[in-house]
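Please treat every number below as a calculation from the coordinates, not as lab data. Please read all numbers here as calculations on a predicted model, not as lab measurements. Cβ atoms come from the backbone with ideal geometry, glycine included; neighbour counts cover every protein chain shown.
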Amino acid sequence: MYSMISYWLKFYRHECGLTQQQVADRLKIERSTYTYYETGKTKPDINTLIKIAKVYNINYQKLLEGVEEELEAAVAEIHSGPEDEDSYKYRTHATTKYEVELLFVVRNLNPKQRKEVMNLAKNFIKETEADKS
């Protein structure tokens, strides 16, 4: 799925006059990996975005322009749809903007980072429950 990040990656690469292979070489990744970033098949994690921004000599936040609007559109799409009884048959609750944003962030973590986030969340819940007692 093409995204704003994909758009900006391609835009700045062209602005710098670089090929995908040249960018991939500077990042020490396979060209196909970088191509997937540009086509939206995968998204780079935040550390990779920072490295890419350095290659393009820009602030990494420029690569994130428009992402918030994409998240809002994704949330709107989730909440839209048929309003019949069957559409809510398996839904336990509506997904909030915060939850979609959190999912977006977690999906961009590596497996080790995801495990750390899960452990932090579980410990936070335990501490919160202990404080209530």
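Quick rundown of the values:
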| quantity | calculated |
| --- | --- |
| Stretch gain in nm, segment Lys41-Asp131, where the contour uses 0.36 nm per residue and the Cα spacing is subtracted | 28.1 nm |
| Pairwise label distance in nanometres, Lys112 with Leu64, each label 7 Å out on the Cα-Cβ vector | 2.3 nm |
| Karplus-derived 3J(HN,Hα), 6.51/-1.76/1.60, for each residue of the range 105-112, Hz, glycine and proline x | 5, 4, 5, 8, 8, 7, x, 5 |
| Radius 10 Å from Cβ of Arg26, net charge of other residues (Lys, Arg +1; Asp, Glu -1) | +2 |
| Cα gyration tensor, the range 4-64 - rounded (a/c under 1.5), prolate or oblate | rounded |
